[in-house]
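In what follows, a single structure is set out as structure tokens and then discussed.
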């Protein structure tokens with residue numbers, strides 16, 4: 001696995017078979033609701049741990065068009081949420 005994906009894997013929730021769950025849609029990240037949950041699902045997709053969850057679902061799309069650059073930086077850079085941003 002690519003080195004950056006190894007970093008992402010350390011921060012990723014395992015959404016397969018109910019082991020863990022993405023954060024609540026009400027949880028905020030950077031002041032945005034839905035963002036924390038979308039990032040959890042995006043990270044899980046990157047490392048193939050998404051289980052039955054889907055990244056870029058209609059709920060994620062409610063905020064992503066305006067904040068897509070934030071998601072890309074968080075999910076691909078291995079950033080622990082907004083600490084590096």
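The residues of the stretch 1-12 that are surrounded by fewer than 20 Cβ atoms within 10 Å (Cβ to Cβ) and in a loop (DSSP other than H, G, I, E, B), listed by number, are 1, 2.
Of all residues in the stretch 25-55, which are free of Cβ contacts under 8 Å to residues at least 12 places away in the same chain and within 21 Å of residue 4 (Cβ to Cβ)?
First, the residues of the stretch 25-55 that are free of Cβ contacts under 8 Å to residues at least 12 places away in the same chain: 26-28, 31, 45, 48.
Selection gives 45, 48.
Only one of 43, 23 is under 22 Å from residue 58 (Cβ atoms), modelled with pLDDT of 90 or more and touching a helix residue (DSSP H, G or I) at 6+ places or on another chain (Cβ under 7 Å). Can you tell me which?
Working: 43 fails: modelled with pLDDT of 90 or more.
Just a single option satisfies the conditions, and that option is 23.
Being assigned to a loop (DSSP other than H, G, I, E, B) and under 9 Å from the mean Cα position of the chain (by Cα) is the filter here, so list the residues in the stretch 14-55 that pass it. So that I can check it myself, show each step before the final result.
Of all residues in the stretch 14-55, those assigned to a loop (DSSP other than H, G, I, E, B) come to 14-15, 19-27, 30-31, 34, 47-55.
Within the stretch 14-55, 22, 55 meet the criteria.
The values are calculated or read from the model by the stated rules, or taken from the named source; none is laboratory data. Values in this document were obtained by computation on a predicted structure and should not be read as measured data. Counting neighbours? That spans all protein chains shown, and the Cβs are built from the backbone with ideal geometry, glycine included.
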